[in-house]
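Read-outs: derived from the displayed coordinates by stated rules, not from any lab. None of these values were measured; they are calculated from a predicted model. A quick note on method: Cβ atoms are made from the backbone with ideal geometry, for glycine too, and the neighbour counts reach across all protein chains shown.
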Amino acid sequence: MTEPSSRETVTEPLLEARDLVTGYGGVAAVHQLNLHVKPGEIVGLLGANGAGKTTTLMALCGEVAPISGEVRFLGSANRMSLAQRARQGLSLVTEERSVFMGLTTAENLRLGRGDAELALEIFPLLREHLQRKAGLLSGGQQQVLTLARALASKPRVLLADELSLGLAPIIVQQLFEAIRREVDERGVGVVLVEQHVRSALQIADRIYILQRGRCVLEGTAVEMRGRLDEIEATYLAGPVDAEV
Ligand SMILES: Nc1ncnc2c1ncn2[C@@H]1O[C@H](COP(=O)(O)OP(=O)(O)OP(=O)(O)O)[C@@H](O)[C@H]1O
Ligand SMILES: [Mg+2]
């Protein structure tokens with residue numbers, strides 16, 4: 001491939017899985033996955049419990065190795081650890097809220113990779129809680145703090161696992177709006193794991209649906225919106241139903 005001009009680079013994927021097979025102890029949990037995220041887009045990764053969403057995210061960030069196929073980050077297929085990818089602009093928000101519970105909000109923000117003041121610009125509501133220990137914040141506020149730290153590092157790619165899980169719709173709205181702003185204003189590329197197609201469609205531009213480790217459907221949010229009931233019944237039923 002020839003070196004792309006800087007203009008063309010803009011449309012190249014930031015992060016990509018090509019024929020990716022990955023799993024644990026040599027046993028595949030994800031099969032032949034092709035997925036990409038470009039600058040300025042939000043990609044939703046959906047599937048029932050056990051479908052392979054977290055495994056995919058772990059492979060994309062470098063925590064779980066491919067069995068075959070590859071993960072390309074910023075055009076390179078070199079194997080990189082999460083720490084190496086983080087230094088090059090990948091930010092990961094896991095299912096567990098990654099805040100230091102014994103430290104205050106302000107201390108958590110200072111310990112982040114990013115600028116604490118920027119975190120407060122993204123989420124001004126955190127200003128009220130600066131001196132509070134993170135462990136004493138509500139679940140929603142902890143998730144806001146987690147995302148604030150992630151976005152304040154000005155990532156090129158944000159991977160987030162079940163960001164909205166257990167949160168009130170109003171908090172989810174705030175988290176999604178902040179992500180959308182960063183995507184539109186800075187061209188961040190986002191892969192968002194969600195269990196529910198309806199919540200994913202509040203924010204995603206494109207969607208991939210996994211079933212038992214395989215991508216069974218992909219398309220734009222516009223296409224998916226017209227097929228909501230079918231998608232929920234066919235692809236997002238629980239793992240027991242999916243076995244039938
Ligand atoms: N650390 C692990 N070791 C072995 N197998 C695992 C491990 N983590 C997950 N798996 C298996 O890999 C498969 C995919 O799991 P994964 O956690 O990726 O699903 P998921 O879509 O994120 O599910 P959930 O919605 O419940 O979070 C499952 O069969 C699971 O049992
Ligand atoms: Mg998961």
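Using a Gaussian network model of the chain whose springs link C-alpha atoms within less than 10 Å, name the residue from 105, 55, 11 with the highest mean-square fluctuation.
With Cα springs under 10 Å in the chain, the top fluctuation among 105, 55, 11 is at 11.
Stretched out fully, how many nm does the piece from residue 19 to residue 216 gain, at 0.36 nm a residue minus the Cα gap?
In short, 69.5 nm is gained.
Report the residue, chosen from 64, 188, 37, that carries the largest GNM mean-square fluctuation when the chain is represented by alpha-carbon nodes joined by springs under 10 Å.
Of 64, 188, 37, the Gaussian network model singles out 64 as fluctuating most.
Just rank 80, 101, 224, fewest to most, by other beta-carbon atoms within 10 angstrom.
On the way: 80 18, 101 12, 224 22.
So the ranking, lowest neighbour count to highest, is 101, 80, 224.
Given Cβ point charges of +1 (Lys, Arg) and -1 (Asp, Glu) and nothing else, what value in debye, to the nearest 20, does the dipole of the chain about its Cα centre take?
Details: 26 positive and 30 negative charges, 126 e Å.
Its charge dipole is roughly 600 debye.
Given the DSSP H assignment, sum -39500 (n - 2.57) over each helix run of at least 4 residues in the chain and divide by its residue total; what's the result at 222 nm in deg cm²/dmol, nearest 500?
On the way: 11 runs with 88 residues, N = 244.
The helix-only estimate for the chain comes to -9500 deg cm²/dmol at 222 nm.
Taking a spot 7 Å from the Cα of residue 111 along the direction of its beta carbon, which residues of region 75-97 have an amide N less than 14 Å from it?
Within reach of a label on residue 111: 97.
Using the Karplus equation 6.51 cos²θ - 1.76 cosθ + 1.60 (θ = phi - 60°), what ³J(HN,Hα) coupling, rounded to whole Hz, does each residue of region 27-34 give in order, writing x for Gly and Pro?
Each residue's phi maps through the Karplus curve to give 9, 6, 10, 10, 10, 6, 8, 10 Hz.
Using a Gaussian network model on the chain with a 10 Å cutoff between Cα atoms, which of 226, 52, 213 fluctuates the most?
226
May I ask you to list the lysines whose Cα is less than 26 Å away from that of residue 133, ignoring any residue fewer than eight positions away on the same chain?
Excluding near neighbours in sequence, the set is 154.
Could you go through region 218-234 in sequence order and give the Karplus-derived ³J(HN,Hα) for each residue, using 6.51 cos²θ - 1.76 cosθ + 1.60 with θ = phi - 60°, rounded to whole Hz, and x for Gly and Pro?
My calculation for region 218-234 gives 9, x, 6, 4, 4, 5, 5, 4, x, 10, 4, 5, 4, 5, 4, 6, 8 Hz in order.
Assign unit charges at the C-beta atoms only (+1 for Lys and Arg, -1 for Asp and Glu), then state the dipole size of region 39-99 relative to its Cα centre in Debye, rounded to the nearest 20.
Numbers: 6 positive and 5 negative charges, 32 e Å.
Using Cβ point charges on Lys, Arg, Asp and Glu, region 39-99 gives about 160 debye.
Each residue of region 200-215 in turn: what ³J(HN,Hα) in whole Hz from Karplus with 6.51, -1.76, 1.60 and θ = phi - 60°, glycine and Pro shown as x?
4, 6, 5, 9, 6, 8, 9, 9, 10, 10, 9, 9, 6, x, 10, 7
Given the options 219, 109, 93, identify the residue whose Cα lies farthest towards the positive end of the charge dipole of the chain (+1 on Cβ of Lys, Arg; -1 on Cβ of Asp, Glu).
109
What lysines could a cross-link reach from residue 53, if we take a straight Cα to Cα line under 21 Å and drop same-chain neighbours fewer than 8 places away?
Once the sequence-local lysines are set aside, what remains near residue 53 is 38.
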